[in-house]
Amino acid sequence: MKTQIIAFFMAWGMFLSIPCPCKIWDEKARPWQLVYLPVAGLLVGALWALAAYALGSFDRLPALRAAVLAALPFLLTGFLHLDGFMDCCDAILSRRDLPTRQKILKDSHVGSFAVVCTIFLMLAAFAAFLDFDAKEGWQGLLLLPVFSRFASSFCVFACRPMQTSQYASGFEAAQHKRQLTALAILNVLAAAAGLLLLKSAWFTVSAIGAELFALLVCRAARKNLGGMSGDISGFSMTLGELAGLLLLLAGQGALCTLFS
């Protein structure tokens, strides 16, 4: 149990900009750290949903509300996953040979592809939140960061990393069976809790959609870049959350049409 608690706080300290109440590190707990990445995502989702609930009554300032809600998940993670998104955009869209793409992925400089894609990403999130009914749909934001992180954690544990990745040292998928089993159990429990406790089943369906889309993005990025990496994790997570948000918005539109 002590190892699990330490792993949780390690995940909090590494993947969130929210001040961690217990800064601790233990190499023995490191294999479990990514199991608690979705739990760290629950903190992001809770604050995201709380902000949407609080701003839901600001009907006279829809643009300000949309800007805050679009930026909040990146602020809560210290732009860590957005950095991976930008690196992958530069590498993948360069359309160079594999060694060059991998070199671009590790380059600390920001290229034009990263800038343009980030602008499009933020515009898409901003536009979605302009039409998003925060009063009715705020609960839907709770699980999006959780399920997008399930996808990232699964891919890190199950997929062979590229040679330049921090995950390459001593990788063997068979070594992660316990972690993969724990993730699968947590994934099922999170889906069941969402269906039972949230106002609408569509909120959980949208979160599952975010996870599935993140898995597809991760698979495509791995094929393009020659293996799994932390940057690909952030890339797939970021696009998965956007897909989940668009599903939430689509659900609201469908319900409005149905009951109008």
Q: Starting from the eigenvalues of the Cα gyration tensor, five times each then square-rooted, give me the equivalent ellipsoid semi-axes of the chain, largest first, whole Å.
A: 29, 23, 17
**Q.** Solvent-accessible area per residue, Å², over region 59-143 with all protein chains present [probe radius 1.4 Å]
**A.** 53
(Q) Apply the a/c threshold of 1.5 to the C-alpha gyration tensor of region 69-199 and tell me whether it is rounded, prolate or oblate. (A) oblate
Q: For residue 223, list the lysines whose Cα falls under 28 Å from its own Cα; do not include residues on the same chain fewer than 8 positions away.
A: 103, 106, 177
**Q.** Per-residue [θ]222 nm for the chain (sum of -39500 (n - 2.57) over DSSP H runs n ≥ 4, rounded to 500)
**A.** -24000 deg cm²/dmol
Q | Two-decimal Rg/Rh across region 28-137, once Rg and the Kirkwood Rh are taken from alpha-carbon atoms | A | 1.08
Q.
Using 0.36 nm times the number of residues separating residue 196 and residue 219, minus their current alpha carbon distance, what extension gain do you get?
A. 5.2 nm
Q: Springs between alpha-carbon atoms under 10 Å, Gaussian network over the chain: tell me which of 84, 45, 13 tops the mean-square fluctuations.
A: 13
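Return an integer: the convex hull volume of the alpha-carbon atoms of region 106-149, in Å³ per residue.
Details: hull volume 4.0 nm³, N = 44.
Enclosed volume per residue, from the Cα hull, is 90 Å³.
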Q) In the chain, which whole DSSP H runs stretch at least 15 Å along their own axis (Cα) and average -0.5 or higher on the Kyte-Doolittle scale? A) 2-15, 37-55, 62-76, 80-93, 112-131, 144-158, 177-197, 201-225, 230-259
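Roughly speaking, to the nearest percent, how much of the chain's 1.4 Å accessible area is carbon and sulfur?
Numbers: 8750 of 12970 Å².
So the carbon and sulfur contribution to the accessible surface is 67 percent.
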(Q) Quick check for me: using +1 on Lys/Arg Cβ and -1 on Asp/Glu Cβ, what's the dipole size of the chain about its Cα centre, in debye to the nearest 20? (A) 540
Q.
If I ignore ligands, DNA and RNA and count only protein heavy atoms, how much of residue 86 is accessible to a 1.4 Å probe, in Å² to the nearest 10?
A. 40
Q: If a/c stays under 1.5 just call it rounded; otherwise compare a/b with b/c (prolate if a/b is bigger, oblate if not). Do that for region 183-260, with a ≥ b ≥ c from the square roots of the Cα gyration tensor eigenvalues.
A: oblate
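The values are calculated or read from the model by the stated rules, or taken from the named source; none is laboratory data. As the structure is a prediction and not an experimental result, all values here were calculated from the model. Because the Cβ atoms are built from the backbone with ideal geometry, glycine has one as well, and the counts that use them run over all protein chains shown. For the accessible areas, the whole protein counts, side chains as well, though only heavy atoms, and no ligand, DNA or RNA atoms are used. Shrake-Rupley method; radii C 1.70, N 1.55, O 1.52, S 1.80 Å.
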